[in-house]
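Colleague: Below is a structure I'd like to ask you about.
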Amino acid sequence: RDFVMNFLVAGRDTTALSLTWAFYELSRNPKVVERVIVEVNNICGEESNADYSFENLNKLEYTHAVVMEVLRLHPVLPNATTYAINDDTLPDGTFIPSRSCVFYAPYAMGRSKKLWGDDSEEFKPERFFKQPKPSAYKFIA
C-alpha cells in the first residue's frame, strides 16, 4: 500500500512541479502565450466549437515545443545518481566499470552552452519547433 501511495504521490508532484514551471515561464513570456493561443485556436477551434481530441492535440507543434523547453530548463529530476551493475561504455566512449556510481545533472545539462548554445539560459521554445527530436543524451528530461 505504501509503495502504491508513493508512486501516485510522485506522479502527482512531478506533474504539479512541471505545470508550475510552465506557468512561471509563460507568465514571463507573453509572446509565447499569444502564439500558443493562436495555435490552439487554429487547430482545435474556439469556444463551444473547440475539438480537443487526441488527434488535434497531437498537431500542436509549438505547444509541444513549449513543454520541451520547460522541461529542458526545469527538469523534474534536477540531479540523478545511478550505479553500474556490469561494466559499460557511455555513447561518448567513456568506460564505466561495474559497481561505479554515475552522477548526472539534467538541470546543468539543460543550461549547458556547449549543448544548447549561447542562449541556453533563455526560454526559447523555437529551439524545438519543427526540429528533429533531440538526442536522448542531449535532452534527458
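Since every read-out is calculated from the coordinates, none of them should be taken as a lab result. Just so it is clear, the model here is predicted, and its values are computed rather than measured.
Colleague: If you build a Gaussian network model of the chain, linking Cα atoms that sit under 10 Å apart, which residue out of THR81, THR20, THR63 swings the most?
Modeller: Maximum fluctuation in the GNM of the chain, among the listed residues, is at THR81.
Colleague: What percent do you get for the relative contact order of the chain when only Cα pairs under 8 Å and 6+ apart count? Could the numbers behind the result be given before it?
Modeller: Values: 135 pairs, mean separation 31.5, N = 141.
Contact order relative to length: 22 percent.
Colleague: Taking amide H positions as placed 1.01 Å from N in the peptide plane, with prolines and chain starts having none, which residues 5 or more places from LYS124, or on another chain, fall under 5 Å of its amide H?
Modeller: So LYS124 has HN proximity to no qualifying residue.
Colleague: Taking the chain, how many lysine pairs are there with alpha carbons less than 23 Å apart, if each pair must be eight or more places apart or span two chains?
Modeller: For the chain, the number of qualifying lysine pairs is 17.
Colleague: If you don't mind, another one. Find how much the distance from ASN41 to PHE95 grows on full extension, using 0.36 nm per residue of separation minus their present alpha carbon separation; answer in nm with one decimal. Could you put the intermediate results ahead of the total?
Modeller: Numbers: separation 54, 0.36 × 54 = 19.44 nm, distance 5.01 nm.
Between ASN41 and PHE95, full extension yields an extra 14.4 nm.
Colleague: What whole-number distance in Å separates the alpha-carbon centres of the stretch 14-82 and the stretch 111-141?
Modeller: 16
Colleague: Quick one: length gained pulling ASP118 to LEU19 fully straight, 0.36 nm per residue minus the C-alpha distance?
Modeller: My answer for the length gained is 33.0 nm.
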